[in-house]
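Asker: Just dropping this structure here.
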Amino acid sequence: MSFVNINISATLQLNELTHALIDKGRTVYKFGLGQAPFPPPACTVEALRTHADQKAYTPVQGIMPLREAIVSFYSRRDNIQCTPENVLVAPGSKLLLYAIMAAFEQLDVLLPLPSWVSYATQARILGHSVIGIQTHVADAWKISPATLEKAIISGRKNIPKLLIINSPSNPTGMAYTAEELAALTQVLRKYNIYALSDEIYGPLHHMDKHVSLATLYPERTMITSGLSKWAGSGGWRLGVLLLSHTVEPTLKQALIGIASETWSCAPTPIQYAAITAYKASEAINDYLQHTRRIYAATGNAIAAKLQQEGVYVHSPNGGFYLFLDFSSFSDTLAKRGIQDSRTLCTQLLHEKGVALLAGVEFGMAPDYLCARLSYVDFDGEKAFTASRAIGIENSLDRAFINTHMHRQCGGIQALVQWLHS
Ligand code: PLP
């Protein structure tokens, strides 16, 4: 008997190891796991409480008032043209990514590297081919029209191709500009490529300048997003898919069919609560403004410190990740027997209690000395309250970072010491 060869995710393994060390009394700086630290917006929690007794299955695509609210949210924020008929709600966007890939009998998945851990695994479970598009720190970890075209040409003849683009990105923290996306669009159009634009970190663009690929390439772009990141509610499991009005009817039908045969519908009380999250309101604007600027201040402070110490890292554009390139330390690390990213992260965790996720988990070559750092190890509720007390008109200063990000500052200090030791 042979089964799908799939291991427990690297993120969860790291989490278990981290907790084992904590249980032994060690201090661990948790830069490994990417979970939003803020509580969900209070108005959505209240709405969930009100609708806790909703127990019926809903239509597969989700309840209409939610789909309407989603359409208006993305039209308002990102200028997306979509109708409620082309929205599919699911228990998390991860399942939607899987459903999209499952809708194709055969597929070449074009994947910028480094990329979030699950895309390639999902593609492989479904028997699809993955064509990695290597990016580099010097290019801010972004693909170019030339690298995209090369990847397309290297794929199989007459097999549909799907580019997965994630902006702002997990793991790099980088976001594509409108100009960069426009240049990629020319290539996508030339070869009639499908695009899956994973915009789960879109509302967390630090300057609130998220650009959706769907505004430039509406005919073949599918957008996935959800509440997990921007609304601090990963465990609520609410993901959304927006299809363009020109989507092939058979593709839409396949997606709804897969949904109906697998998850049936997203949890009903959560769908009702989500209406509050997607409706225009002062409370949600306020929540987003504060959480975004806390992420920006934290990410920028950490990136600046690491840059100063010789690590190649970009200041983030959005989300809550930095991708660290330790190439400049390769000689000194080699002398300590460290020649690959997994050994680097294991030693760093055991010797200094600093938990990073190795670059190899994101599809990078094993010997490329790089790792992802998520800067969410802080008390979101306290930081949020403090940011509101400071007022949106005043910026968050060093004192804010020192007070609310002291654990992370300690972790960065430990990492720097370790690198120079
Ligand atoms: N896409 C990216 C880039 C992510 O980082 C995550 C979660 O970590 C997801 C999708 C899945 O999110 P969810 O299934 O909670 O909507």
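Asker: When you go through S93, S115, S75 one by one, which is the residue that is of a type in the set (S, T, Y) and surrounded by fewer than 21 Cβ atoms within 10 Å (Cβ to Cβ)?
Answerer: S75
Asker: State whether one or more residues within the stretch 52-61 are within 28 Å of E381 (Cβ to Cβ), crowded, with 16+ Cβ neighbours inside 10 Å and of a type in the set (A, V, I, L, M, F, W, C).
Answerer: no
Asker: Could you check the stretch 94-140 and list, in sequence order, the residues that are of a type in the set (V, I, T), in a helix (DSSP H, G or I) and in contact with a Gly (Cβ under 9 Å, 6 or more places away or on another chain)?
Answerer: Within the stretch 94-140, just V117 meets the criteria.
Asker: Continuing with this model, one more query. Going through the stretch 56-93 one residue at a time, which ones are within 16 Å of the ligand (Cβ to nearest atom) and part of a helix (DSSP H, G or I)?
Answerer: Hits for the stretch 56-93 are L66, I70, F73, Y74, S93.
Asker: A follow-up question, please. Does L251 satisfy the condition of being within 16 Å of the ligand (Cβ to nearest atom) and either at pLDDT 95 or above or not acidic (D, E) (or both)?
Answerer: Numbers: within 16 Å of the ligand (Cβ to nearest atom): no; either at pLDDT 95 or above or not acidic (D, E) (or both): yes.
Spelling it out, it is not the case that L251 is within 16 Å of the ligand (Cβ to nearest atom) and either at pLDDT 95 or above or not acidic (D, E) (or both).
Asker: Could you please let me know if S2 is assigned to a helix (DSSP H, G or I), out of contact with any helix residue (DSSP H, G or I) (no Cβ under 9 Å at 6 or more places or on another chain) and polar (S, T, N, Q)?
Answerer: no
Asker: Within the stretch 213-233, which residues are in contact with a helix residue (DSSP H, G or I) (Cβ under 6 Å, 6 or more places away or on another chain) and away from the ligand (no atom under 15 Å from the Cβ)?
Answerer: Once the filter is applied, which keeps residues that are in contact with a helix residue (DSSP H, G or I) (Cβ under 6 Å, 6 or more places away or on another chain) and away from the ligand (no atom under 15 Å from the Cβ), the stretch 213-233 yields L216, Y217, T221.
Asker: So, in the stretch 132-161, exactly how many residues are among the aliphatic types (A, V, I, L, M), in contact (Cβ under 8 Å) with a residue 24 or more places away in the chain and within 22 Å of G173 (Cα to Cα)? Show your work before the answer.
Answerer: Kept after step one, since they are among the aliphatic types (A, V, I, L, M), are these residues of the stretch 132-161: 133, 137-138, 140, 143, 146, 148, 151-153, 159.
Still in the running and in contact (Cβ under 8 Å) with a residue 24 or more places away in the chain: 137, 140, 143, 148, 151-152, 159.
Of the ones still in play, those that are also within 22 Å of G173 (Cα to Cα) are 137, 140, 143, 148.
Counting residues in the stretch 132-161 that are among the aliphatic types (A, V, I, L, M), in contact (Cβ under 8 Å) with a residue 24 or more places away in the chain and within 22 Å of G173 (Cα to Cα) gives 4.
The values are calculated or read from the model by the stated rules, or taken from the named source; none is laboratory data. Just so you know, these numbers come straight off a predicted model, no measurement behind them. All Cβ positions, even for glycine, are placed from backbone atoms using ideal geometry, and neighbour counts span all protein chains on display.
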